[in-house]
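> Below you'll find the structure I mean.
The values are calculated or read from the model by the stated rules, or taken from the named source; none is laboratory data. These figures come from a predicted structure and were not determined experimentally. Here the Cβ positions follow ideal geometry from the backbone for every residue, glycine too, while neighbour counts run over all protein chains shown.
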Amino acid sequence: MRLLGGGRERRGTPADLLVVGLGNPGEQYARTRHNVGAEVVGELAERGAVALKRSKERALTAEVTRAGRRLALAFPQTFYNESGNAALLLTRRYGIDDPHQVVVVHDELDLPPGTIRVKLGGGLAGNNGLKSIKAHLKTDDFVRVRLGVGKPPGSMQGADHVLRPPGKAERVELDIAIREAADAIELLAADGVDAAMNRYNTRAS
C-alpha cells in the first residue's frame with residue numbers, strides 16, 4: 001500500500017482517522033490562540049480517558065475509539081510551522097493512505113473567535129502549519145477543522161496575536177469552541193465529513 005508522501009512503510013494497526021492538532025510545544029505556548037488545535041486533541045484524549053504520550057513520530061499521541069472507529073490523536077512537537085514533519089511520520093505509523101483520513105485542527109484568523117468551520121481541501125490561507133503538512137504529504141486534500149481566533153487588533157501582527165493568550169471573555173468562547181470542535185470530529189468519525197460540514201458550516205458566525 002502506498003502511503004501519503006510517497007512512502008510504503010506501515011507499522012501497527014491502521015487507524016480510521018488521524019487527528020492532528022496544531023500548536024507549539026512548551027508551557028510558554030500553552031493556552032495561546034495558536035494552540036487551540038492541540039487543545040481539541042487534548043479534549044478528545046480526555047473524553048477517551050487516555051493520556052497523550054511522547055512517540056517516535058515527534059508528537060504526543062494517543063488512540064481512542066469513537067462510533068466504532070479508531071482515531072489516532074496527535075499533537076506535533078516539531079513547532080507549528082514544521083507540523084508536516086510529524087504528520088508524515090504519523091501517516092506511516094497509522095497506515096493512512098487517503099488524505100480524507102487526515103483531520104488537521106487549527107486556529108483561523110479569518111473567523112471570529114469561537115467560530116468553527118469544517119473544510120475539505122482547498123486553499124491554505126497563508127497558514128504555515130498547513131503549508132508544511134501539504135509539502136510533506138504532497139497533497140492538500142485533507143480535512144481541516146478551523147477554530148476562529150479573530151483578526152489582530154489595530155496594527156498588531158498576526159503572529160503576535162496568535163502567540164498571545166486571549167482575554168478572559170474570549171477564553172470562555174474558545175473553551176466552548178474547543179468542546180464543539182471535538183464534537184465535530186466525533187460527528188465526522190461517525191457520519192463523515194459532509195455531515196460535519198452541513199452541521200457546522202451553516203451556523204451563523
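> Among the residues of segment 58-87, which ones are surrounded by fewer than 18 Cβ atoms within 10 Å (Cβ to Cβ) and under 14 Å from Thr13 (Cα atoms)?
Once the filter is applied, which keeps residues that are surrounded by fewer than 18 Cβ atoms within 10 Å (Cβ to Cβ) and under 14 Å from Thr13 (Cα atoms), segment 58-87 yields Glu63, Thr65, Arg69, Arg70.
Quick grid of which residues meet (1) without any contact (Cβ under 8 Å) to a residue 12 or more places away in the chain; (2) among the polar types (S, T, N, Q); (3) closer than 25 Å to Arg199 by Cβ; (4) touching a Lys or Arg at 6+ places or on another chain (Cβ under 6 Å):
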| site | (1), (2), (3), (4) |
| --- | --- |
| Leu109 | no, no, yes, yes |
| Pro112 | no, no, yes, no |
| Gly154 | yes, no, no, no |
| Arg164 | no, no, no, no |
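> Determine whether segment 129-139 contains at least one residue that is touching a residue at least 12 places away in the same chain (Cβ under 8 Å) and over 23 Å from Asn85 (Cβ atoms).
Within segment 129-139, none of the residues are touching a residue at least 12 places away in the same chain (Cβ under 8 Å) and over 23 Å from Asn85 (Cβ atoms).
> Mind checking which residues of segment 163-205 are of a type in the set (Val, Ile, Thr) and at pLDDT below 95? Please lay out each step first, then the result.
Initially, segment 163-205 is screened for residues of a type in the set (Val, Ile, Thr), giving 172, 176, 178, 185, 193, 202.
The one that is of a type in the set (Val, Ile, Thr) and at pLDDT below 95: Thr202.
> Could you check how many residues of segment 179-203 are more than 19 Å from Asp107 (Cα to Cα), in contact with a Leu (Cβ under 9 Å, 6 or more places away or on another chain) and among the small types (Gly, Ala, Ser)?
So the count comes out to 2.
> Related question: So Gly122 fits all but one of (1) farther than 28 Å from Glu46 by Cβ; (2) touching a residue at least 60 places away in the same chain (Cβ under 8 Å); what number is the exception?
(2)
> Given the criterion free of Cβ contacts under 8 Å to residues at least 60 places away in the same chain and touching a Pro at 6+ places or on another chain (Cβ under 6 Å), identify the matching residue among Ala59, Ala72.
Values: Ala72 fails: touching a Pro at 6+ places or on another chain (Cβ under 6 Å).
The conditions single out Ala59.
> What residue, of Thr65, Thr78, Thr91, is part of a strand (DSSP E or B) and among the β-branched types (Val, Ile, Thr)? Spell out the reasoning first.
Working: Thr78 fails: part of a strand (DSSP E or B); Thr91 fails: part of a strand (DSSP E or B).
Every option except Thr65 fails the conditions.
> Quick one: which of Ile185, Ile116 is touching a residue at least 12 places away in the same chain (Cβ under 8 Å) and either under 17 Å from Ala87 (Cβ atoms) or among the basic types (Lys, Arg) (or both)?
Details: Ile116 fails: either under 17 Å from Ala87 (Cβ atoms) or among the basic types (Lys, Arg) (or both).
Matching residue, one of Ile185, Ile116: Ile185.
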